[in-house]
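Below: one structure, written as structure tokens.
The values are calculated or read from the model by the stated rules, or taken from the named source; none is laboratory data. These numbers were taken from a predicted model, which means no experiment stands behind them. Using ideal geometry, Cβ is built from the backbone for each residue, glycine included, and neighbour counts are taken over all protein chains shown. Note: areas computed on protein heavy atoms with side chains; ligands, DNA, RNA excluded. Shrake-Rupley method; radii C 1.70, N 1.55, O 1.52, S 1.80 Å.
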Amino acid sequence: MWWRSIVLLFAAVAFCVSAAAQKVALKNNLLMDGMASPNLGLEFRTGASTSVDIPASLNLWSFGEGKKFKHVAVQPEFRWWSCQPFAGHFWGLHAHYASYNVGGIGPFSTIGDNRYDGWLAGAGISYGYNWILAPRWSIEASVGVGYAYFSYDKYPCGRCRPRIHSGTKHYFGPTKIAVTLVFLIK
């Protein structure tokens with residue numbers, strides 16, 4: 001039985017590749033870039049196996065013909081790393097807030113035929129993995145599920161159209177998906 005403990009110890013050490021004592025990372029979610037939403041994040045090491053990630057995205061323009069995906073969003077997350085921050089597996093607890101004005105886009109007729117102006121807030125849990133590419137560069141993938149509360153005004157698509165509905169919605173499901181390019185600052 002003792003040999004299993006030794007094998008597990010060696011396996012754990014082998015998967016905890018040292019990335020020096022990195023303390024801050026600059027991040028960019030490539031999936032948000034693909035949706036024409038500029039974004040930037042900072043992650044700070046807070047302990048031997050914890051960090052805080054603070055990503056934000058911003059999109060202030062319309063795409064023409066009544067199509068828009070305007071938003072300001074932030075999704076801070078506290079992370080527990082299996083070995084050390086910025087390397088390997090992590091679990092996270094995140095919150096999210098966004099202000100949005102979305103309409104005329106997407107495969108669903110509700111969003112394609114209408115415009116929604118409002119805000120959302122919520123929280124969730126996530127899992128991810130960080131692959132080290134070079135001493136200061138890595139790629140990170142993460143997914144999360146949780147809850148979001150939406151408050152919105154609904155308008156028909158087009159300019160200066162009257163509001164047709166105000167409401168709220170409770171959502172449970174996916175709340176996070178990211179493929180992130182990471183640069184370790186120090």
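Structure notes:
- Matching residues in the stretch 105-157 - criterion: being in contact (Cβ under 8 Å) with a residue 12 or more places away in the chain and of a type in the set (Phe, Trp, Tyr): Tyr116, Trp119, Tyr127, Tyr129, Trp137, Tyr147, Tyr149, Phe150, Tyr152, Tyr155
- Among the residues of the stretch 105-144, the ones that are out of contact with any Phe, Trp or Tyr (no Cβ under 8 Å at 6 or more places or on another chain) and assigned to a loop (DSSP other than H, G, I, E, B) come to 6 in all.
- The listed residue being open to solvent by 70 Å² or more (accessible area, probe 1.4 Å), at pLDDT 95 or above, hydrophobic (A, V, I, L, M, F, W, C) and part of a strand (DSSP E or B), out of Leu93, Leu58: Leu93
- When Val102 is tested against (1) open to solvent by 50 Å² or more (accessible area, probe 1.4 Å); (2) within 23 Å of Ala36 (Cα to Cα); (3) among the hydrophobic types (A, V, I, L, M, F, W, C), only condition (1) is not met.
- The one condition from (1) open to solvent by 50 Å² or more (accessible area, probe 1.4 Å); (2) at pLDDT below 90; (3) of a type outside the set (A, V, I, L, M, F, W, C) that Pro38 does not meet is (2).
- In the stretch 61-90, of all residues being among the basic types (Lys, Arg) and either under 12 Å from Glu43 (Cβ atoms) or under 18 Å from the mean Cα position of the chain (by Cα) (or both), the one that is modelled with the lowest pLDDT corresponds to Lys70.
- Filter pass, Phe78 being surrounded by fewer than 16 Cβ atoms within 10 Å (Cβ to Cβ) and not in a loop (DSSP other than H, G, I, E, B): yes
- Residue in the stretch 82-99 that is of a type outside the set (Val, Ile, Thr) and more than 25 Å from Val182 (Cα to Cα) present: yes
- The set of residues in the stretch 136-172 being open to solvent by 20 Å² or more (accessible area, probe 1.4 Å), over 13 Å from the mean Cα position of the chain (by Cα) and closer than 30 Å to Asn28 by Cα consists of Arg136, Trp137, Ile139, Tyr147, Tyr149, Phe150, Ser151, Tyr152, Lys169, His170, Tyr171, Phe172.
- Close contacts from the stretch 163-180, counting a first residue that is under 17 Å from Ala98 (Cα atoms) and a second that is of a type in the set (Gly, Ala, Ser) and part of a strand (DSSP E or B), with Cβ to Cβ under 6 Å and a gap of 6+ residues or different chains, come to Thr168/Ser151; Tyr171/Ala148; Thr175/Gly124; Thr175/Gly144; Thr175/Gly146; Lys176/Ser126; Lys176/Gly144; Ala178/Ser142.
- Leu26 vs. criteria open to solvent by 70 Å² or more (accessible area, probe 1.4 Å), at pLDDT 80 or above, assigned to a strand (DSSP E or B) and among the aliphatic types (A, V, I, L, M): no
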